[in-house]
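Data block below; observations after.
The values are calculated or read from the model by the stated rules, or taken from the named source; none is laboratory data. Keep in mind the model is a prediction, meaning the values are calculated, not measured. Note: ideal-geometry Cβ built from the backbone for every residue, glycine included; neighbour counts use all protein chains shown. Surface accessibility is based on the protein's heavy atoms, side chains included, excluding ligands, DNA and RNA. Shrake-Rupley method; radii C 1.70, N 1.55, O 1.52, S 1.80 Å.
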Amino acid sequence: MYETVLDIPVSEVYRFITLINICLTGLFSVLFLTLKVPNKKSLHAYRQTRYAMTAAYLIVAVFNTLELLETNWSSDGQLMLLTTLVVSNLQIFLLSSTLITLINANRFNNKRILLEITPTLALSITSFWLLFTERPVALKVVMSLFFAFYFIQYIRYNVFFWKQRGKTIAALENYFAATISIQRINWITVMFIGIMLTGIMAFFSYLLPTVFMIPFNITFFLFYLFFGIYHLNYLFLFPEYESVFAPEEAPAVPWKNHHQGLNWEQLDKAVANWEAGDSYLVSGLTIEDVATQLHTNRTYLSGYVNQQKGVSFKEWVTRLRIERAKKLLIEQPSVPVSQIGVLVGLPDKSNFGRQFTKVTGLSPLQWRNQQLA
């Protein structure tokens, strides 16, 4: 029933897709290892993830190659299961730690990596030794521990990632006024979800007939393709985010009664004057820009906005922009809504509409028509 696909033997289709996967993962492992990364201290963590990605892609390439070359190996269910378990453990560690490092460069260091990888290596070596020395009872016990360890890791990395993601989003929203700057790294979240899904799929795929493994292999191909592209491209996005996580030279709390610092009351007045001006209309505004204009530092200003305004920097500026947009929509009824967005520093039409609706409950056009009715 499942022997052919479009008159081509299923096994041949599967072998062809697997061969493409080998070429893809092999190529990316070479690119990760050979493409140069600028010798900057701030890129050290990203450089480390390049090595992790090289290992992850190379492991997949070797696994798929063995599957194609050694039919007895792939037909041995126990060996195949153990190998799948080892590869899945390594993949979830290497790929998850890569993404977590991209949103928190301090999360993984050499010591932490060694601690994380040691249990997997120990369980892997022990399991293979028991398999080849034909000790079924001990192998069953160790394999059970291995499975339990895998699912514990699965849960741990989920907790790590979503916790760090929340912190990173908060940091970005307290630095950029633009939503687009945050959206540009949404791929990290998408790729993490992909890791979790493929990690589960791997265990079901080897149990299914070959015809059902074809869509699995295509899914894996697309996942590794996009992950590789986005990871390489992150090098060009990084400068935009570098200053977000760079430590400030200025102290977090300014000096009271010092000519270069503002106390809380002075900052309150300075912020009120700044709000009365037009500086918040500038597209691409960051908290660093505003802190410079107010003669303070971004950490102190961020704390002020969070506590006194009760919102993030992005939401604070967005509300100011929407208030100005409401005035312009009434004062200039002939100006298109999209142009109003440009005038208030929200040039992306769809983003302007979303932000306006979020604040007012109506689209810009609906709000204008209601006010002018």
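Values computed for the structure shown
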{"read-out": "If the convex hull is drawn through the Cα atoms of segment 291-373, its volume per residue in Å³", "value": "100"}
{"read-out": "Surface accessible to a 1.4 Å probe, Val344 within the full protein complex, Å²", "value": "0"}
{"read-out": "Point-to-point label distance, Thr84-Gln371, nm (Cα→Cβ direction, 7 Å offset)", "value": "6.0"}
{"read-out": "Mean projected area in nm² (Cα convex hull; one quarter of hull surface) for the chain", "value": "25.9"}
{"read-out": "Length gained when the stretch Ile117-Ala246 is fully extended (0.36 nm per residue, less Cα-Cα span)", "value": "43.6 nm"}
{"read-out": "Per residue, in Å², the accessible surface of the chain once ligands and nucleic acids are set aside, probe 1.4 Å", "value": "53"}
{"read-out": "Three-way shape label, segment 7-138, alpha-carbon gyration tensor, a/c 1.5", "value": "oblate"}
{"read-out": "Gain upon complete extension [Gln332, Thr133; 0.36 nm per residue less C-alpha separation]", "value": "63.4 nm"}
{"read-out": "For segment 266-285 and segment 337-363, distance of Cα centres in Å", "value": "20"}
{"read-out": "Across Lys326/Lys349; Lys41/Lys163; Lys269/Lys309; Lys40/Lys167; Lys314/Lys349, pairs whose alpha-carbon gap is larger than 20 Å", "value": "Lys41/Lys163; Lys40/Lys167"}
{"read-out": "Over segment 110-188: Rg over Rh, Cα atoms, Kirkwood Rh", "value": "1.25"}
{"read-out": "Estimated inter-spin distance, Asn110 and Lys163, nm [label 7 Å along Cα→Cβ]", "value": "2.6"}
